[in-house]
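Participant: Please read through the structure below; I'll follow up with questions.
Each value in this text was obtained by applying a stated rule to the coordinates, not by laboratory testing. Everything quoted here is computed from the prediction, not taken from an experiment. Heads up, the Cβs are rebuilt from the backbone with ideal geometry, glycines too, and the neighbour counts pull from every protein chain shown.
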Amino acid sequence: MNEKNSAKAGELSGKEAAPGDEADAVNAAEEAADRAEARTDTTPADQADKEADEAGPNSGGPEPTRDQADPADRADRADRADKTLVAMPPVSRQDSAQPTADAVSEPDEGQADAATSGSEAAREPRDDGAASSTPPSDEQPEQREEREEREEQPGEEGKQQPEADAPKSPEAPTKPAPVSAPAPVRGPDANPESAPAPDPDPQPAPDPDPAKKPPAPSWAARRESDSERTSEFVALKPDLPRTASPRPVTPTHGPSSSGEKPGAGSGDSDRTREFTAPSRADNDRTMALTRPPAPSAAAPATSSGTGDAAGPPPPLDLLAQLTNTPPKAETVGRTVARRIKIWGTLVALLAVVLVAVQALRPLPTPTLKLTGKASHSADGGALSLPWPTEGQAVVDIDGLGRMGSYGEMKPLPIGSVAKVMTTYLILRDHPLKAGDKGPSMPVDQKAEDDYTNGVTEKESVVEVKAGQQISELEALQAVMLPSANNVARLLARWDASTEEAFIKKMNDTAKELGMTNTTYTDASGLIESTVSTAEDQVKLAKRAMTNPVFRQIAKLPSYQSTTTSGGSTLETARTQYNFNKLVPLNGVVGIKTGSTTKAGGNLVFAAETTVGDSKQLIIGAVFGQHKTPIIGTATAASKSLILAADKALRSETVVKKGEVVGQVDDGLGGMVPVVAAKDLTVPVWSGASVPIKLTDDGKALPHSANAGTEVGMLTVGSGAGEAQVPVTLKDDLSEPSFGAKLTRLG
């Protein structure tokens, strides 16, 4: 017999046992019998009392006889012993009767067989729900016959009902019949005289409901060896789910005391536990201790989060359970530290991202900055020029500035000088290459009529006939040199369909060029409402002279006409001459004359001159000359101004070689100085002030370069009068440092 299993079974008999476990209450009875045999020197009454106190209500040990205890004690011990027994499933009469006979017929075998037969007799189930107990091995035949007679004659209330009439309602589970306390088992060495005598007149408790008695299982009648009485340990963890038992727990009514009526002790008998038959095969007699079925409704989780129904506990509580270390109490310091860790991590992450972005961003393009003087003033006082005595006059050095001016700059009629704007717009919107004549245009009837009327009115015209074809280049030459009014109107209609639309373009362009005192009312300038100033026309002349075809046409003394008849008059001659008689003397390259009775003589001129190593362009205008001959007077005044300007120009060094004139800014705070690669010499005149600028010459600056690398140009003036020298790095240029990349904001 396995002592641990026996003790375990005795201990569980009075505690909560799960349905479906294999209960062996007889094991506890055997242990109690062994203790009784060891104490043979005590009296039967003391032995019974002591065994009852030691074993408890669930020990399953033997009860004292009537001579050794009073009825109250016997009832109490019988009730306690009844709570240790089990209601077995029903079995057939053949299965339940045979073990009892075998157990009674073998009282004189050896010590092991005697103990085994005693335990088997204690496990003997009752037949058909009748209250019975296995008689001790020394029971006399007369006593056994009397007991069997009483068992075969139950009272009216204990009559067994047929099994077919038993109720099957799920609300009223069947109750097993009350089981009497097992008889004491004697060991082989026990004294028969000291054993308690059996009760001569046992009173079995009536069965309140014989029809609901469960049959005893067949496995309960079979004999087990010591090696088979093993138990299977199942960990009783509260968080592991258990399958509900297939058979319900049924309270067992124990035998009532001699002074009680049947059913009076139901309150105590309802507290009994049932060891149900296992659901495994008959040959497996191991005992599995499992938990009772889980309640139908899941219990709510406890505040600590360790409840079974709420799932696993929170991580901190689980860690505390595993390490036996409870979580630390929440304090202000811990809260601040945790927030510092969280926000510190975020800040560190943002810092890493910021560093990566700043380091990988494209570098800004380096730029050149002028650190030297932005202008240069020539020595000497104000320049004195031979100005006309009336009208207006202006003299400029193209790209260097104005030498001087004369008269009030108020709008005046300008005559044929208006044809400068007409030619400029045609070349702008219909550009020509050098040596190209351009597209041909048909001569309309209006152009021929304008020629006929112009001869009569003494206008400047060129002979054309309707149906002729004239090239763009020849038409522009007719407008600029002999100043043909009829061809100027023909170009306007060819360009904009109507003269009015073309005139609008003329005024719009004047505004774009800053000619604030200029108004155009026709393409030829014959109408006196077309007005301007010498200053505005110099602005237009500078822009027109940038076009090489315009410049080529303006400096021609004459051209050969294809539309004229070759007559003896000025208008019909094949060779058409330039009205500007200064061309090509004294370097004069244009530009245009214009005269009317009201406007007087007007001339816009341009002359080239060499100063030092550069070629300069003198551009000026003389307007409002009414002294006759008006064109001659304007031409003479213009010639005097050209000669005086040429004489006043001289070369002067503005910047010397190696002088620091600026620096390269890498965009992130790095600066490298730049120096002039050679002397910068520019044309100036007495009292002149010329601007200086530093440019990259249209080339992107490098992010890194060695000292001496050319990185830009130092320029004085603009246009034709522009003078410039290259600038180089004084020191090595390096890429911005890593710290500069990280700290840049733009």
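Participant: Quote to one decimal, in nm, the extra length available between residue 707 and residue 558 on full extension: 0.36 nm per residue of separation minus the C-alpha distance between them. The partial results should precede the final answer.
Facilitator: Numbers: separation 149, 0.36 × 149 = 53.64 nm, distance 5.52 nm.
Stretched out fully, the residue 707 to residue 558 stretch lengthens by 48.1 nm.
Participant: Moving on to the next point. How large is log10 I(q)/I(0) at q = 0.16, 0.24 Å⁻¹ when the Debye formula is applied to the Cα atoms of the range 317-381, each weighted equally and without solvent?
Facilitator: -0.84, -1.05
Participant: Give the distance, in whole Å, between the Cα centre of the range 553-574 and the Cα centre of the range 579-654.
Facilitator: Measuring centre to centre over Cα atoms gives 24 Å.
Participant: Any idea what % of Cα-Cα pairs in the range 363-439 are farther than 16 Å?
Facilitator: Details: 2223 of 2926 pairs.
It works out to 76 percent of all Cα pairs.
Participant: If you scale each eigenvalue of the Cα gyration tensor by 5 and take the root, what three semi-axes come out for the range 424-507, rounded to whole angstrom and sorted largest first? Before the final figure, lay out each step's value.
Facilitator: Working: eigenvalues 78, 45, 30 Å².
Each semi-axis is √(5λ); the values are 20, 15, 12 Å.
Participant: For the range 588-640, which trypsin sites (Lys or Arg not before Pro) are in a loop by DSSP, counting at most 12 other Cβ atoms within 10 Å? Mind showing how you got there, number by number?
Facilitator: Working: sites: 592, 598, 615, 627, 639; in loops: 598, 627.
Hits after loop and neighbour filter: 598.
Participant: If you take every residue apart from residue 459 with its C-beta less than 15 Å away from the C-beta of residue 459, what net charge results, scoring Lys and Arg +1 and Asp and Glu -1?
Facilitator: Values: positive: 419, 446, 458, 489, 598; negative: 448, 449, 450, 457, 463, 522, 528, 571.
Overall, the nearby charge balance is -3.
Participant: If I stretch the segment between residue 440 and residue 497 completely, what's the gain in nm (0.36 nm per residue apart, minus their alpha carbon distance), one decimal?
Facilitator: Details: separation 57, 0.36 × 57 = 20.52 nm, distance 1.55 nm.
Stretched fully, the residue 440-residue 497 segment lengthens by 19.0 nm.
Participant: Under 16 Å from a point placed 7 Å out from the Cα of residue 374 along the Cα-to-Cβ direction: which residues of the range 703-744 have their backbone N that close?
Facilitator: It comes to 715-717, nothing else.
Participant: Separate question: What's the ranking of 463-472, 479-488, 674-683 by average number of surrounding C-beta atoms within 10 Å, highest first?
Facilitator: Details: 463-472: 17.4, 479-488: 27.6, 674-683: 20.9.
Averaged packing, sorted descending, gives the order 479-488, 674-683, 463-472.
Participant: So which of 647/730; 504/699; 437/592 end up more than 28 Å apart, counting from Cα to Cα? Could the numbers behind the result be given before it?
Facilitator: Numbers: 647/730 39 Å; 504/699 39 Å; 437/592 21 Å.
Flagged as over cut-off: 647/730; 504/699.
Participant: Applying 1/(1 + (r/R0)^6) with R0 = 45 Å to the Cβ-Cβ distance of residue 337 and residue 367, what FRET efficiency is obtained, to the nearest 0.05? Each step should come with its number before you reach the end.
Facilitator: Values: r = 50 Å, r/R0 = 1.10.
Working from the Cβ atoms, E equals 0.35.
Participant: First check a/c for the range 611-746, with a ≥ b ≥ c the square roots of the eigenvalues of its C-alpha gyration tensor; if it is under 1.5, answer rounded, and if not, answer prolate when a/b is larger than b/c or oblate otherwise. Working shown, then result.
Facilitator: Details: a/c = 4.57, a/b = 2.86, b/c = 1.60.
Note, shape of the range 611-746 comes out prolate.
Participant: In Å, what Kirkwood hydrodynamic radius results for the range 439-571 from the alpha-carbon pair distances?
Facilitator: Values: mean 1/r = 0.0639 Å⁻¹.
Result for the range 439-571, one decimal place: 15.7 Å.
Participant: Using a Förster radius of 51 Å, what is the FRET efficiency between residue 356 and residue 586 based on their Cβ-Cβ separation? Nearest 0.05, please.
Facilitator: It comes to 0.15.
Participant: So for the range 531-615, considering every pair of alpha-carbon atoms, how many percent are separated by more than 21 Å?
Facilitator: Details: 1540 of 3570 pairs.
The proportion of pairs with Cα distances above 21 Å equals 43 percent.
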